[in-house]
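K.L.:
Sharing a structure, written as structure tokens. Questions coming.
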Amino acid sequence: MKIAIGPVLYEWGKKGIRDFYRRMADETAADVLYIGEVICSKRNHLTPDEMALLAEELRPSGKEIVFSTLGLVMSGEEQEYIQQVVQQATRLGILFEANDMAGIAMGEGHPMVAGPHITTYNPETLDFLAEVGVRRVVIPVELSQAMIAGLIRQNRARVQVEVFAYGRLPLTFSARCYTARAFHLPKTNCQYKCGDFPDGMVMKTQDGVPFLNINGIQTLSERLCNLVTEVEQLATMGVDMIRLSPQSRDMTAIVQVWQERLAGRMTAAEAMARLNEINHQEPFCNGYFHGRAGLEFVAPRPVKPHLTNEAPTSGE
């Protein structure tokens with residue numbers, strides 16, 4: 001399986017985003033970098049031309065570059081922006097990621113990725129997406145292992161399959177900006193308050209329990225999804241690529257752990273211990289993958305010792 005680093009979901013500013021991808025290109029063994037704004041058009045710090053320049057700068061690293069686009073398209077200006085991104089991707093001969101069906105429609109006939117916000121729930125949808133130009137599908141985060149395996153078995157078009165494996169789960173979008181509302185600001189004058197929260201703003205229940213994470217118009221899980229103990233299952237299912245969602249801290253170390261795990265140089269227990277350390281012992285989640293509530297974490301079953309009928313040798 002290959003490693004993909006997904007688009008930055010948070011407000012890090014133009015310099016922060018550029019610097020992040022330069023580090024990922026220079027310091028990690030990731031195979032794919034997704035570049036582009038998915039959340040809010042007000043945070044489109046990179047114009048399509050600037051995205052193309054950054055892609056050209058990163059190409060010597062040997063990594064595949066993919067342009068990501070908005071997950072909620074609400075205006076003609078946003079449609080025009082996506083069209084310009086598609087044009088630049090076509091000019092460069094690279095894929096772009098559509099996260100809204102408007103993006104699928106505008107990119108029809110161009111090689112593209114169907115992002116996790118396209119509801120790819122059945123093989124008929126896979127067939128349709130392949131017909132309009134989709135070459136890779138990022139499975140929606142709420143699908144279970146059984147459902148993903150079923151999709152892969154019936155993947156008649158042999159579309160590449162990518163699974164979200166690490167990071168806060170991207171759950172929903174809304175026309176309303178939650179972060180602005182939290183500061184009693186209108187969306188039109190949000191003052192870019194989301195920039196004060198480089199990994200999103202924690203939302204708690206009335207009992208004070210962390211529950212969700214808000215990021216402008218997006219809702220994410222409060223816990224980080226982590227499928228590092230499920231690597232063998234993912235490989236057996238035939239998953240082509242795993243997605244690691246950018247975090248503001250220690251991303252190079254996170255990618256290194258996954259690289260070692262996929263290469264077989266680190267056990268599940270060792271990888272989990274290292275990621276627990278990086279995440280300051282905060283709880284992870286993987287419930288959706290196991291057909292449970294998304295915020296749950298299902299621990300791997302202990303491996304039973306191999307028993308034989310052979311008599312022990314002397315000294316045992």
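Just so it is clear, none of the values below were taken in a lab; they were calculated from the coordinates. Every value quoted in this text rests on a predicted model; they were computed, and no experiment measured them. Virtual Cβ from ideal backbone geometry, glycine too; neighbours counted across all protein chains shown.
K.L.:
Using Cα atoms only, what is the angle between the long axis of helix 13-27 and the major principal axis of the chain, expressed in degrees (0 to 90) to the nearest 10?
P.N.:
So the helix axis and the longest Cα principal axis differ by about 40 degrees.
K.L.:
Let me ask something else. So if each residue of separation counts as 0.36 nm, and I subtract the Cα-Cα distance between Val209 and Arg301, what length gain in nm does that give?
P.N.:
30.3 nm
K.L.:
Let me ask something else about it. Rank Leu95, Leu185, Leu171 by mean-square fluctuation in a GNM of the chain with C-alpha springs under 10 angstrom and give only the top-ranked residue.
P.N.:
Residue with maximal mean-square fluctuation among Leu95, Leu185, Leu171: Leu185.
K.L.:
Follow-up question, since we're still on this one. Quick one: putting +1 on the C-beta of Lys and Arg, -1 on the C-beta of Asp and Glu, what dipole do you get for the chain around its Cα centre, in Debye to the nearest 20?
P.N.:
In debye, rounded to 20, the chain gives about 280.
K.L.:
Okay, next question. Could you quote the convex hull projected area for region 18-72, Cα atoms only and averaged over all directions, in nm²?
P.N.:
Mean projected area of the Cα convex hull: 3.7 nm².
K.L.:
Sequence neighbours fewer than 8 away in the same chain don't count; with that in mind, list the lysines whose C-alpha is under 20 Å from Lys204.
P.N.:
Reachable lysines: Lys193.
K.L.:
Right, something else. Please state the relative contact order of region 1-125 as a whole percent: Cα pairs under 8 Å, 6+ residues apart?
P.N.:
Worked out over region 1-125, it gives 21 percent.
K.L.:
Take the chain, drop everything but the C-alpha atoms, weight them equally and run the Debye formula without solvent; then report log10 I(q)/I(0) at 0.10, 0.11, 0.12 Å⁻¹ to two decimals.
P.N.:
-0.56, -0.68, -0.81
K.L.:
Okay, next question. Give the whole-number value, in cubic angstrom per residue, of the convex hull volume spanned by the C-alpha atoms of region 78-210.
P.N.:
149 Å³
K.L.:
While we're on this one: Quick one: net charge of Pro198's neighbours, Cβ under 14 Å, K/R +1, D/E -1?
P.N.:
0
K.L.:
Here is a further query. Once all Cα-Cα distances of region 52-151 are split into 5 Å bins that start at 0, what whole-number percent is in each one?
P.N.:
2, 13, 23, 21, 17, 13, 7, 3, 0
K.L.:
So how strong a dipole does region 85-190 carry about its Cα centre when Lys and Arg Cβ are +1 and Asp and Glu Cβ are -1, to the nearest 20 debye?
P.N.:
Taking the Cα centre of region 85-190 as origin, the dipole is about 300 debye.
K.L.:
Still on this structure, please answer the following. On a 0 to 90° scale, report how tilted helix 251-262 is relative to the longest principal axis of the chain, with both axes built from alpha carbons and the result rounded to the nearest 10.
P.N.:
Between helix and principal axis, roughly 40 degrees.
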